[in-house]
Amino acid sequence: MESTSTVLRQLRGAQKTAKGVSLYSRYVNRPAGRLFTVGAYRLGLTPNQVTLVSAAFTFGALAGVVLVRPGPWLAVLVYLGLAAGFALDSADGQLARLTGRGGPDGEWLDHVVDCAKMILVHTAVLVSFHRWFALPGDGWLLLPLGFLFVAVLTFCAGLLREQLGRAAAPAPAPAAPSSRLRAVALLPADYGVFCLVFLLLGDETAFRVGYAVFAAVHALFLVLFLGKWFRELKALRAH
C-alpha cells in the first residue's frame, strides 16, 4: 500500500475545480477531507461507507441539539460533529476518485444524505427552540421553518441546474479560472461556515441572533442564485 504522502499527492491531483467554491471549502474542508480519505483508504472503506460515517457524525450531532439542554460543552461537541460530518462528505468523493470505485449509487446516496442533512439541521433547531429556549415570542418558531424552506429550495434548484445544464450542454466547456473575490463572497453561504453558529449554542440570545443573520443571508443568496441559474439555463436554449 502506498505511503500517506503518496496518497496525499494523488489526492491533491484529483480535486474538483475550485470554481464556485468558497475559501472555507477550498482551504479547510477539502484538506480535512483529504486526511479522512487517507484514513478511509488505509482502513479499506468504500466511498459509500464513508458517506454513511459522515451521516452518523452529522445526525449524531443534531440528535444532541434536540435531546440535550444547550450549554457551552454541547455547543463544542455539536460543532465538531457537524464539521467532521462535512469533511467526511468531501472525503467520500475524494475516495471515489482515488480508487475509481464511484458510481451512480454513490452519487445518489451522497445526495440523499445531503438532503436529509439540510432538512434535519433546521428541524433540530426548531425542536430545540421549542424544548429548551425561553423565546421572546412564538414567532421565533417560524425562523427555522423559513430557513428550512430556503435551504431545501437552494439545494433542489442547484441540483436541477446542474442536471439540466449537463443535459442541454453535454460537451463540457473549459473551466474558467476561479475567482478569489467570489470565493470570499460565497463564505456566508458555505455550510461549513454556517456550522460555526452552533458554537453559540451555549448562549440563547447569541445563537438566536446568529442563526437569524445566517437565515437572512441565505435567503438573499437564494434570490441571487435563482436569478443566475435561470439566466444560465435560458441561455442554453440558444445552443
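Structure notes:
- Of A32, A84, all but one fail to be under 28 Å from G210 (Cβ atoms), at pLDDT below 95 and surrounded by fewer than 22 Cβ atoms within 10 Å (Cβ to Cβ); the exception is A32.
- Some residue of the stretch 43-56 being open to solvent by less than 30 Å² (accessible area, probe 1.4 Å) and out of contact with any helix residue (DSSP H, G or I) (no Cβ under 8 Å at 6 or more places or on another chain): no
- Unique residue being of a type in the set (G, A, S), in contact (Cβ under 8 Å) with a residue 12 or more places away in the chain, out of contact with any Cys (no Cβ under 8 Å at 6 or more places or on another chain) and open to solvent by 40 Å² or more (accessible area, probe 1.4 Å) when the list is G93, G71, G102: G102
- Filtering the stretch 131-152 to residues that are farther than 17 Å from V65 by Cβ and either aliphatic (A, V, I, L, M) or open to solvent by 40 Å² or more (accessible area, probe 1.4 Å) (or both) leaves P136, D138, G139, L142, F149, V150, V152.
Conditions tested, residue by residue: (1) part of a helix (DSSP H, G or I); (2) within 16 Å of G202 (Cα to Cα); (3) among the aliphatic types (A, V, I, L, M); (4) touching a helix residue (DSSP H, G or I) at 6+ places or on another chain (Cβ under 9 Å).
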{"residue": "S25", "(1), (2), (3), (4)": "yes, no, no, yes"}
{"residue": "T58", "(1), (2), (3), (4)": "yes, no, no, yes"}
{"residue": "A61", "(1), (2), (3), (4)": "yes, yes, yes, yes"}
{"residue": "L77", "(1), (2), (3), (4)": "yes, yes, yes, yes"}
{"residue": "R97", "(1), (2), (3), (4)": "yes, no, no, yes"}
{"residue": "G102", "(1), (2), (3), (4)": "no, no, no, yes"}
{"residue": "V121", "(1), (2), (3), (4)": "yes, no, yes, yes"}
{"residue": "A124", "(1), (2), (3), (4)": "yes, yes, yes, yes"}
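- Qualifying residue in the stretch 217-239 (condition: farther than 28 Å from L164 by Cβ, over 16 Å from the mean Cα position of the chain (by Cα) and open to solvent by 70 Å² or more (accessible area, probe 1.4 Å)): no
The values are calculated or read from the model by the stated rules, or taken from the named source; none is laboratory data. It should be emphasised that the depicted structure is a prediction, and the values quoted were computed from it without experimental measurement. Counting neighbours? That spans all protein chains shown, and the Cβs are built from the backbone with ideal geometry, glycine included. In case anyone asks, the SASA skips ligands and DNA or RNA and just uses the protein heavy atoms, side chains included. Shrake-Rupley method; radii C 1.70, N 1.55, O 1.52, S 1.80 Å.
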